[in-house]
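Colleague: Shown below is the structure under consideration.
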Amino acid sequence: MRKIIIIGGGAAGMFAAISAADEHTEVHIYEHNEKLGKKLFITGKGRCNITNGCDDVEELLAHVVTNARFLYSAFYTFSNQDMMQFLSDQGLKLKTERGQRVFPVSDKSSDVIRTLERVLKDRGVYIHLRQEVKELLVENGEICGIRLSDGQKVNADAVIIATGGMSYPSTGSTGDGYRMAEAAGHHVTKRVPSLVPMTVADEWCPELQGLSLKNITFTMKCGKKNFYQEFGEMMFTHFGITGPVVLSGSTHLAPYLKKGTVTAEIDLKPSLTDEQLDARLLRDFEKNINKQIRNSLSELLPASMIPIIIRLSGIDPYTVVHDVTRQQRQTLVHVMHHLTMTVTGVRGFNEAIITQGGIRVKDVDPGTMESKLIKGLYFAGEVLDLDAVTGGYNLQIAWSTAYLAGKSAAGAITE
C-alpha cells in the first residue's frame, strides 16, 4: 500500500489527505498545532467563506491575481461546484450570499472543520498532532520521507507540503514549508502580506476611525494609471483603511508602491453625476438656507465625515448656506467624488488574510502539483505563489490544488 505524508493540517492539508485516502492509500497528516484547521477556524470572521459560487471556471480564474494560468488544470479537475457538492454530500448545508460568497448555513467555520475531520476519520487517515516536521528526506532526486523535530525519521512514497503561508502566524503559519522547499532546491518568490488593511498618510483619516462606508467606488492610482477599482464597502481605522474593497485592492499594491506614490480615491456618491450631486446639494441647501454649512449636510453624509469634507473643500464651517458660492459648491461635489488619500503601505502578516508570494510555480507541474525537481514531492494551497481577491477564491485555490496533489500522490493522476 502506497504511503503518503502530508505536512500541515489546514484546509489544503486536510483536503489533500481526503483526496489521497480515496485511493486506498495509507495517509498521514503531521500538524504542529494541537488541532486541525486552526486558520480555517478564523476565516470569514469565523464564518468560513468556503468558496465562490460563480457558475464558470473562467470566472474563478479571472479573480486570481497571481499565476492564474497555473491553476487551469486544478480548477477544471476540481471546481468550486465540485467542492460545494462534496460538502453537501457530507451533510453540510450551504448558503450563497452577496458576491456569490458561499458559507455554511450555520455561519460556523467549526462545522466545516468538523465535516472534514469526520471524512478523514471515515477514510482512515492517521493524524499526528503536535508533531513538527523539520526536514524532507531526499535521495537521488526522489522523496523518501521526513524527519521530525525529535529526530525521528518517517518513510513515505510521497510527501505533500501544505503548510500554508505566513499570514496569521498565531495560527501556526511560520513559513516552514518555504524553508523545506528551498532546502530541496526550489525557488521561493518574495512574500508580502496580502488581503490586508492599508496604512495612509493623511492626518484626517484617524478622525474617521470606525466609520463604515457602503456603496462607494474605491480606486487606486499610481501616477496617471488607475490600477484597481471596485464598488462595495470599506472602513476607516486608526492607521488607515480596511474592508472588502481595500483588502482586495491590497493584492495589486506591492509593485506600484515600488514605482512611486500610490493614491486611493473614494467616490462617496458613485451613482450620481457631478450635475446630479450639485442639484442634490442645492435642494439640501434650500431646506437649510439660514443654517451654517456644517449643519446642512446631514442627509448627504455621515455625521463624522461632514467636518472633514468641509475642511478638505476649503470652506469655513461657520459659513451660512446662503453665502456659499457656486465655486465652493463645485469644490464640495469634487471632494465627494474624489476623496483622496496617500497610501504608504500595508499592515503586517499578523493582519493579512493571505500571503502573496511563495514556491515558484515554474518548479511545479500544474497538472499534478508534483515538484519538477524532486520526484514524489507535491505542493498544495497557500505555500505556492498563488493568490486571489476576497470572496472565497483563495480557499478554492487550496481545495483544488489539494485535490490534485492528493490524487497525484496516490497515483490516480499522472502526466
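Colleague: In segment 200-222, which residues are over 20 Å from residue 389 (Cβ atoms), in contact (Cβ under 8 Å) with a residue 60 or more places away in the chain and not small (Gly, Ala, Ser)?
Modeller: 200, 202, 204, 205, 207, 208, 211
Colleague: Still on this structure: Every residue in segment 231-243 that is open to solvent by 60 Å² or more (accessible area, probe 1.4 Å), over 14 Å from residue 267 (Cβ atoms) and touching a Ser or Thr at 6+ places or on another chain (Cβ under 8 Å), please.
Modeller: 235
Colleague: A further question follows. Restricting to segment 149-183, give me the number of residues that are in contact with a Ser or Thr (Cβ under 9 Å, 6 or more places away or on another chain), modelled with pLDDT of 95 or more and assigned to a loop (DSSP other than H, G, I, E, B).
Modeller: The qualifying residues number 3.
Colleague: Still on this structure, I have one more. Counting residues that are at pLDDT 95 or above and touching a helix residue (DSSP H, G or I) at 6+ places or on another chain (Cβ under 8 Å), which strands (runs of 3 or more DSSP E) fully inside segment 336-415 reach at least 1? Give the steps one after another, and end with the answer.
Modeller: Values: elements: 339-346, 354-356, 377-379.
Of the strands (runs of 3 or more DSSP E) lying wholly inside segment 336-415, those with at least 1 residues that are at pLDDT 95 or above and touching a helix residue (DSSP H, G or I) at 6+ places or on another chain (Cβ under 8 Å) span 339-346, 377-379.
Colleague: For segment 245-273, give me each residue that is within 11 Å of residue 213 (Cα to Cα) and in contact with a Gly (Cβ under 7 Å, 6 or more places away or on another chain).
Modeller: Passing the criteria: only 245.
Colleague: What number of residues within segment 190-234 are within 28 Å of residue 382 (Cβ to Cβ) and touching a Leu at 6+ places or on another chain (Cβ under 9 Å)?
Modeller: Of the residues in that region, 12 qualify.
Colleague: Please state which one of 313, 408 is closer than 18 Å to residue 17 by Cα and among the small types (Gly, Ala, Ser).
Modeller: Only one candidate passes the filter, namely 408.
Colleague: Now for a separate question. Could you list, in sequence order, the residues of segment 292-319 that are out of contact with any Asp or Glu (no Cβ under 7 Å at 6 or more places or on another chain), surrounded by 15 or more Cβ atoms within 10 Å (Cβ to Cβ) and more than 21 Å from residue 267 (Cβ to Cβ)?
Modeller: Within segment 292-319, 292, 293, 294, 319 meet the criteria.
Colleague: Just the residues that are of a type outside the set (Phe, Trp, Tyr), open to solvent by 20 Å² or more (accessible area, probe 1.4 Å) and not in a loop (DSSP other than H, G, I, E, B), please, taken from segment 21-42.
Modeller: Those that are of a type outside the set (Phe, Trp, Tyr), open to solvent by 20 Å² or more (accessible area, probe 1.4 Å) and not in a loop (DSSP other than H, G, I, E, B): 26, 38, 39, 42.
Colleague: Does residue 324 satisfy the condition of being aliphatic (A, V, I, L, M) and within 24 Å of the chain's Cα centre (by Cα)?
Modeller: no
Colleague: Still on this structure: Looking at segment 171-219, which of its residues are over 22 Å from the mean Cα position of the chain (by Cα), under 30 Å from residue 34 (Cβ atoms) and open to solvent by less than 70 Å² (accessible area, probe 1.4 Å)?
Modeller: Of everything in segment 171-219, those that are over 22 Å from the mean Cα position of the chain (by Cα), under 30 Å from residue 34 (Cβ atoms) and open to solvent by less than 70 Å² (accessible area, probe 1.4 Å) turn out to be 180, 181, 184, 186.
Colleague: Another question, then. Here is a check on your reading of the model: is residue 147 open to solvent by 10 Å² or more (accessible area, probe 1.4 Å), free of Cβ contacts under 8 Å to residues at least 24 places away in the same chain and within 19 Å of residue 12 (Cα to Cα)?
Modeller: In short, no.
Colleague: Additional query: Of all residues in segment 6-20, how many are part of a loop (DSSP other than H, G, I, E, B) and either open to solvent by 20 Å² or more (accessible area, probe 1.4 Å) or within 14 Å of residue 110 (Cβ to Cβ) (or both)? Steps first, please.
Modeller: Step one: of segment 6-20, the residues part of a loop (DSSP other than H, G, I, E, B) are 8-10.
Okay, now just the ones that are also either open to solvent by 20 Å² or more (accessible area, probe 1.4 Å) or within 14 Å of residue 110 (Cβ to Cβ) (or both), so 10.
Number of matching residues: 1.
Colleague: Listed residues 168, 228; which is open to solvent by 10 Å² or more (accessible area, probe 1.4 Å) and either free of Cβ contacts under 8 Å to residues at least 60 places away in the same chain or not hydroxyl-bearing (Ser, Thr, Tyr) (or both)?
Modeller: Exactly one residue qualifies, and that residue is 228.
Colleague: Suppose the filter is small (Gly, Ala, Ser) and under 27 Å from residue 135 (Cα atoms); does residue 11 pass it?
Modeller: Numbers: small (Gly, Ala, Ser): yes; under 27 Å from residue 135 (Cα atoms): yes.
Yes; evaluated as a whole, the condition is true for this residue.
Colleague: Pairs only if they're at least six apart or on different chains, beta carbon under 9 angstrom, first in segment 365-383 and on the phi < 0 side of the Ramachandran plot and touching a residue at least 40 places away in the same chain (Cβ under 8 Å), second assigned to a strand (DSSP E or B) and surrounded by fewer than 19 Cβ atoms within 10 Å (Cβ to Cβ); list them, first residue then second.
Modeller: Here the result reads 374/142; 375/142; 377/142, each pair linking segment 365-383 to a residue that is assigned to a strand (DSSP E or B) and surrounded by fewer than 19 Cβ atoms within 10 Å (Cβ to Cβ).
Colleague: Let me ask you something else. What is the number of the single condition among (1) crowded, with 20+ Cβ neighbours inside 10 Å; (2) closer than 30 Å to residue 375 by Cβ; (3) in contact with a Lys or Arg (Cβ under 6 Å, 6 or more places away or on another chain); (4) β-branched (Val, Ile, Thr) that residue 160 does not meet?
Modeller: Exception for residue 160: condition (3).
The values are calculated or read from the model by the stated rules, or taken from the named source; none is laboratory data. Note that the coordinates shown come from a computational prediction; the quantities given were computed from them, not determined experimentally. A quick note on method: Cβ atoms are made from the backbone with ideal geometry, for glycine too, and the neighbour counts reach across all protein chains shown. With ligands, DNA and RNA removed, areas are computed over all heavy atoms of the protein, side chains included. Shrake-Rupley method; radii C 1.70, N 1.55, O 1.52, S 1.80 Å.
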